[in-house]
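Reading through the structure tokens given below for one structure.
The values are calculated or read from the model by the stated rules, or taken from the named source; none is laboratory data. No experiment lies behind these values; they were computed from the predicted model shown. Every residue, glycine among them, receives a Cβ derived from its backbone with ideal geometry; neighbour counts consider all protein chains shown.
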């Protein structure tokens, strides 16, 4: 049975606080979830509910997203990695399994390469080690600052979910769309700049913790080939492909949770 969910605002830098939710089972290993660009921690709800018996669940809104603060950019990947470590420190978590999707996966790669002693395992979902071309991200940032996020909702949902899922689950898709529209403009724009400037491919060989890579078979944003690239570069990484587009933790929540549960079991943490 889940413990009651605790909500926190945790300071990660001077004047910067992140919104954090802790749920699951006290005393179990910690499982930290990090969201995609333009999403928030609610994108993990279905998976977190299923994993609750097996882990102490920590969800947080990435800097610049959801209910977290959105300081002026620029942002860089070391900053987002430091934010994740600050959340763990504030909650007294020495080591965790870190699960990140897209932008959150990039954060996970940085942690694996630079703070591997803090990770009992790493899950990299629907992500890539770099996101070229850089100009595309500069254009998206400029468009967001000029027009806001509302214009991005429909094209983003079309990339994030298959047409079949959008037709079958309109309420769930609408909730994700609302999170996109509510993303702070500065947080989105600064994160776009980060994605355009970051290349962690040369660092992947430094990741030594057990790693699970999750791809979406129908993901146009980070296609399965990008997941295979990560799995080939991280020593001993496993690769699982789910029947979903980009936001696989929502579209294929049951299968995503099953993959995580099996991964935790192999780590002898569940």
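Here residue 68 does not qualify as in contact with a strand residue (DSSP E or B) (Cβ under 7 Å, 6 or more places away or on another chain), part of a loop (DSSP other than H, G, I, E, B) and within 14 Å of residue 194 (Cα to Cα). When the stretch 4-27 is limited to residues that are part of a loop (DSSP other than H, G, I, E, B) and free of Cβ contacts under 8 Å to residues at least 40 places away in the same chain, the one that is surrounded by the most Cβ atoms within 10 Å (Cβ to Cβ) turns out to be 25. Within the stretch 43-56, being under 16 Å from residue 6 (Cβ atoms) and either under 11 Å from the mean Cα position of the chain (by Cα) or in a loop (DSSP other than H, G, I, E, B) (or both) holds for 44, 52, 55.
Just one of (1) out of contact with any strand residue (DSSP E or B) (no Cβ under 8 Å at 6 or more places or on another chain); (2) within 30 Å of residue 266 (Cβ to Cβ); (3) touching a residue at least 24 places away in the same chain (Cβ under 8 Å) fails for residue 210. It is (1). Residue pairs whose Cβ atoms lie under 7 Å apart, sitting 6 or more positions apart in sequence or on different chains, and linking a residue in the stretch 155-169 that is within 25 Å of residue 143 (Cα to Cα) to a partner that is surrounded by 13 or more Cβ atoms within 10 Å (Cβ to Cβ) and at pLDDT below 95, do not occur here. Within the stretch 80-98, the set of residues being assigned to a strand (DSSP E or B) and within 21 Å of residue 205 (Cβ to Cβ) comprises 97, 98. Among residues of the stretch 233-252 being in contact with a helix residue (DSSP H, G or I) (Cβ under 9 Å, 6 or more places away or on another chain) and surrounded by fewer than 22 Cβ atoms within 10 Å (Cβ to Cβ), the one that is farthest from residue 125 (Cα to Cα) is 235.
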